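A.B. asks: First the structure, which I've put down as structure tokens, then a few questions once you've had a look.
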Amino acid sequence: MKISFGRSNFVKNFRFLILYLLCLIHSLYLPRTHAATPPDAPAVMVIRNATILTVSHGTIEHGSILIKDGKIAEVGLSVNAPKDAQVIDAAGQFVIPGIIDCHSHIAAESINEDSVSVSSMVNMAEILNPDDVDIYRDLAGGVTAANILHGSANSIGGQTLVIKLRWGQPAAKLPFEGALPGIKFALGENPKRSNFSIPGQPKRYPATRMGVEETIRSAFSEARDYKKTWDEYNRRSAAGEKNLIPPRRDLRLEPLVEVLEGKRYVHSHCYREDEILMLLRVAKELGFKVRTFQHVLEGYKVADELAAAGVGASTFSDWWAYKVEAYDAIPYNAALMTRRGVVVSINSDNAEEATHLNQEAAKSMKFGGLSHDEALKMVTLNPAMQLGIDKRVGTIDVGKDADLAIYNRDPLSAYAVVQKTLIDGRVYFDRQRDIAERSEREKEKKALFDKFKKSAEKKPEEKKPDATVPIDQKPAEKKPEDKKPEDKKPEEKKPEEKPKPPQATPTAVGATLASPAAGRLAGGAQ
């Protein structure tokens, strides 16, 4: 590392040191990941003496779950576990399928590409951040999988993906293997930029709800033509025609073609009943399906239409009136849609909210009278169905992934606290271990703070070269014949003549520009 001694370089080096130490201190807030590494995952594990809420086939009191190679091998009152199996004694505790968040923005470096109305060419998979501490915090809330969505600034936003919260693993290990990718749509105030205009700058199209509809219709019209062009090329190529020139690829349209072909799910942000019905009409007209409406706060008004279209609804438990288009939202929304046959999930849209999705689901028992099982499904099986991963997760059944959450009380209780969270049979969160390590992290943090304070203490002043002179330039040397201004005697002037201003000579001008003071002025003018 090259060290420079100028004043500006000294400041830069000192700032770098401060930032480096702050990064080290921040890292101490990140929990250790001993259980997140593959070597720590036992081949066989058994959870004993638990109350198991299977979601699919009732509750098993004092039951056991046998896990082999990350999959659920047996579930029941007793299981045949080998002697070398790792045992988790869950006496007095409750086990449920891992919670699935159908609308999340964790583990992402950015959310919106809001410069254009159709940003289908961007992909959330390319900006995953495995070091986002919200992954760990949501694990502590029993969340094992999440649908990572692009933001809602665009009529058609970016591509989305489902991840498992494998804290401590690299970004490449986060995606849920085999889960169908998605794409984010948005309707209403956000894509028409109702609350985001900048004074003095032109508004981005669209600026109205009818413009949002036109943007979606226009994009899919292009996508259908693009698909026809490629279908024709592939047909002629398969027939053996030679010297064919393939169509030019369009990364903006390719994801929309996947939607038309049923290879990519549409998750659409929405609030009002009119825009919900609008997108259902446009989808039918252009030949694609909407997989879920997100937020869908007026879904209770059009629940029959949603059920008839086979569209899922992923909503909030009781958020309303935080902007104009949310004024007609009610806390009975989830229950009313459920009663009309809509598959409903409760989502977070917020990293903190995701830490207590179990409680958010429980609110539907108070607001709407849903049963315990119906409420629990809203954060387990139902979001799994909406994301097309219900054959792998969402219930506790033989053959499914061992993605589980263990609570000290009934998970729909306000007093329930997660004790352990497992993904693929590995313990990614352990409350007891987390508590035990906190004192050690505090000691390490204090040691770093002390080290930082010592490094920041003022040291004795050292004589440093003049910082105003560039490193590769020597100060101007004084010539023998030059005299200081105060040593020069003023010339005698004749009384009848007025003094004339001194005339600058080329030598004098050169000496002036070579002076340090002139260098500062010249540098400041650049």
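A.B. asks: Which of (1) in a strand (DSSP E or B); (2) surrounded by fewer than 16 Cβ atoms within 10 Å (Cβ to Cβ) does Ile47 not meet, given it meets every other one?
C.D. replies: (2)
A.B. asks: In the range 176-200, which residues are among the small types (Gly, Ala, Ser) and farther than 22 Å from Val324 by Cα? Before the answer, list the steps.
C.D. replies: Taking the range 176-200 and keeping what is among the small types (Gly, Ala, Ser), we get 178-179, 182, 186, 188, 194, 197, 200.
Of everything in the range 176-200, those that are among the small types (Gly, Ala, Ser) and farther than 22 Å from Val324 by Cα turn out to be Gly178, Ala179, Gly182, Gly200.
A.B. asks: For Leu251, which of the numbered conditions (1) in contact (Cβ under 8 Å) with a residue 24 or more places away in the chain; (2) more than 30 Å from Ser104 (Cα to Cα); (3) assigned to a loop (DSSP other than H, G, I, E, B) fails to hold?
C.D. replies: Answer for Leu251: the failing condition is (2).
A.B. asks: Would you confirm whether any residue within the range 326-336 is open to solvent by 30 Å² or more (accessible area, probe 1.4 Å) and either touching a helix residue (DSSP H, G or I) at 6+ places or on another chain (Cβ under 6 Å) or farther than 21 Å from Leu277 by Cβ (or both)?
C.D. replies: Taking the range 326-336 and keeping what is open to solvent by 30 Å² or more (accessible area, probe 1.4 Å), we get 327-328, 330, 332, 336.
If we keep only those that are either touching a helix residue (DSSP H, G or I) at 6+ places or on another chain (Cβ under 6 Å) or farther than 21 Å from Leu277 by Cβ (or both) as well, we get 336.
The answer is yes, given that some residue of the range 326-336 is open to solvent by 30 Å² or more (accessible area, probe 1.4 Å) and either touching a helix residue (DSSP H, G or I) at 6+ places or on another chain (Cβ under 6 Å) or farther than 21 Å from Leu277 by Cβ (or both).
A.B. asks: Quick check on the range 338-353: of everything there that is outside any strand (DSSP E or B), closer than 14 Å to Asp318 by Cα and not polar (S, T, N, Q), which residue is least open to solvent (accessible area, probe 1.4 Å)?
C.D. replies: Of everything passing the filter in the range 338-353, Glu353 is least open to solvent (accessible area, probe 1.4 Å).
A.B. asks: Can you pull out the residues in the range 290-325 that are open to solvent by 70 Å² or more (accessible area, probe 1.4 Å) and over 27 Å from Glu261 (Cα atoms)? Spell out how you get there, then give the answer.
C.D. replies: Kept after step one, since they are open to solvent by 70 Å² or more (accessible area, probe 1.4 Å), are these residues of the range 290-325: 291, 301, 304-305, 308, 319-320, 322, 324.
Scanning the range 290-325 gives Lys301, Trp319, Trp320, Tyr322, Val324.
A.B. asks: When the residues of the range 354-398 are narrowed to those that are open to solvent by 50 Å² or more (accessible area, probe 1.4 Å) and among the acidic types (Asp, Glu), which ends up nearest to Ala309 (Cα to Cα)?
C.D. replies: Asp390
A.B. asks: Could you pull out the residue among Glu241, Glu254 that is open to solvent by 30 Å² or more (accessible area, probe 1.4 Å), acidic (Asp, Glu) and farther than 21 Å from Leu149 by Cβ?
C.D. replies: Numbers: Glu254 fails: farther than 21 Å from Leu149 by Cβ.
Only one candidate qualifies: Glu241.
A.B. asks: Next up: Tally the residues that are assigned to a strand (DSSP E or B) and either among the acidic types (Asp, Glu) or closer than 30 Å to Gly211 by Cβ (or both), restricting the search to the range 155-197.
C.D. replies: Filtering the range 155-197 for residues assigned to a strand (DSSP E or B) gives 156-164, 175, 182-186.
The next check asks that each one be either among the acidic types (Asp, Glu) or closer than 30 Å to Gly211 by Cβ (or both); those that pass are 156-161, 182-186.
Count: 11.
A.B. asks: Another one. Working carefully through the options Val282, Val324, Val266, Val259, find the one that is more than 21 Å from the chain's Cα centre (by Cα), under 19 Å from Gly388 (Cβ atoms) and touching a residue at least 40 places away in the same chain (Cβ under 8 Å).
C.D. replies: On the way: Val282 fails: under 19 Å from Gly388 (Cβ atoms); Val324 fails: under 19 Å from Gly388 (Cβ atoms); Val266 fails: more than 21 Å from the chain's Cα centre (by Cα).
From the options Val282, Val324, Val266, Val259, the qualifying one is Val259.
A.B. asks: Additional query: For the range 401-431, enumerate the residues that are assigned to a loop (DSSP other than H, G, I, E, B) and more than 13 Å from Phe176 (Cβ to Cβ).
C.D. replies: Going residue by residue through the range 401-431, those that are assigned to a loop (DSSP other than H, G, I, E, B) are 402-403, 408-417, 424-425.
Answer for the range 401-431, where residues must be assigned to a loop (DSSP other than H, G, I, E, B) and more than 13 Å from Phe176 (Cβ to Cβ): Ala402, Asn408, Arg409, Asp410, Pro411, Leu412, Ser413, Ala414, Tyr415, Ala416, Val417, Gly425.
A.B. asks: Okay, moving on. For the structure I just gave you, tell me whether Val311 is in contact with a strand residue (DSSP E or B) (Cβ under 7 Å, 6 or more places away or on another chain) and either touching a residue at least 24 places away in the same chain (Cβ under 8 Å) or among the small types (Gly, Ala, Ser) (or both). First the steps, then the outcome.
C.D. replies: Values: in contact with a strand residue (DSSP E or B) (Cβ under 7 Å, 6 or more places away or on another chain): yes; either touching a residue at least 24 places away in the same chain (Cβ under 8 Å) or among the small types (Gly, Ala, Ser) (or both): yes.
Yes.
A.B. asks: Against the condition acidic (Asp, Glu), outside any strand (DSSP E or B) and within 11 Å of the chain's Cα centre (by Cα), how does Asp134 come out, does it pass? Walk me through how you get there before you give the answer.
C.D. replies: Values: acidic (Asp, Glu): yes; outside any strand (DSSP E or B): yes; within 11 Å of the chain's Cα centre (by Cα): yes.
Answer is yes for this residue.
Listed here are the residues, each with its yes/no results for (1) in contact with a strand residue (DSSP E or B) (Cβ under 8 Å, 6 or more places away or on another chain); (2) aromatic (Phe, Trp, Tyr); (3) outside any loop (DSSP other than H, G, I, E, B).
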{"site": "Arg224", "(1), (2), (3)": "no, no, yes"}
{"site": "Glu241", "(1), (2), (3)": "no, no, no"}
{"site": "Pro255", "(1), (2), (3)": "yes, no, yes"}
{"site": "Val259", "(1), (2), (3)": "yes, no, yes"}
{"site": "Val266", "(1), (2), (3)": "yes, no, yes"}
{"site": "Glu275", "(1), (2), (3)": "no, no, yes"}
{"site": "Arg281", "(1), (2), (3)": "no, no, yes"}
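Conditions (1) at pLDDT 95 or above; (2) of a type outside the set (Asp, Glu); (3) in contact with a Pro (Cβ under 7 Å, 6 or more places away or on another chain); (4) under 24 Å from Arg264 (Cβ atoms), marked per residue:
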{"residue": "Ala309", "(1), (2), (3), (4)": "yes, yes, no, yes"}
{"residue": "Thr315", "(1), (2), (3), (4)": "yes, yes, no, yes"}
{"residue": "Asn333", "(1), (2), (3), (4)": "yes, yes, no, no"}
{"residue": "Val344", "(1), (2), (3), (4)": "yes, yes, no, yes"}
{"residue": "Thr355", "(1), (2), (3), (4)": "yes, yes, no, no"}
{"residue": "Gly388", "(1), (2), (3), (4)": "yes, yes, no, yes"}
{"residue": "Val393", "(1), (2), (3), (4)": "yes, yes, yes, yes"}
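A.B. asks: Separate question: Scanning for something aromatic (Phe, Trp, Tyr) and within 26 Å of the chain's Cα centre (by Cα), does the range 169-187 turn up at least one residue? Spell out the reasoning first.
C.D. replies: First, the residues of the range 169-187 that are aromatic (Phe, Trp, Tyr): 176, 185.
Add one more test, that the residue is within 26 Å of the chain's Cα centre (by Cα), and what stays is 176, 185.
Yes, there is a match, as at least one residue in the range 169-187 is aromatic (Phe, Trp, Tyr) and within 26 Å of the chain's Cα centre (by Cα).
A.B. asks: Could we say that Asn112 is surrounded by fewer than 18 Cβ atoms within 10 Å (Cβ to Cβ), among the polar types (S, T, N, Q) and out of contact with any Pro (no Cβ under 9 Å at 6 or more places or on another chain) here?
C.D. replies: No.
A.B. asks: A further question on this structure: All but one of (1) farther than 30 Å from Asp132 by Cβ; (2) surrounded by 19 or more Cβ atoms within 10 Å (Cβ to Cβ); (3) among the aromatic types (Phe, Trp, Tyr) hold for Trp167; which doesn't?
C.D. replies: (1)
A.B. asks: Keeping to the range 65-104, report how many residues are farther than 30 Å from His269 by Cβ, buried (at least 18 other Cβ atoms within 10 Å of the Cβ) and of a type in the set (D, E, K, R).
C.D. replies: 1
A.B. asks: Continuing with this model, one more query. Among the listed residues Glu189, Glu177, identify the single one that is of a type in the set (Asp, Glu) and under 19 Å from Asp401 (Cα atoms).
C.D. replies: Details: Glu189 fails: under 19 Å from Asp401 (Cα atoms).
Unique residue meeting the criteria: Glu177.
The values are calculated or read from the model by the stated rules, or taken from the named source; none is laboratory data. Owing to the predicted nature of the structure, the values given are computational and were not obtained by experimental measurement. Positions of Cβ are generated from backbone atoms using ideal geometry, with glycine treated the same way; all protein chains shown enter the neighbour counts. We work out accessible area using only protein heavy atoms, side chains counted, and drop any ligands, DNA or RNA first. Shrake-Rupley method; radii C 1.70, N 1.55, O 1.52, S 1.80 Å.
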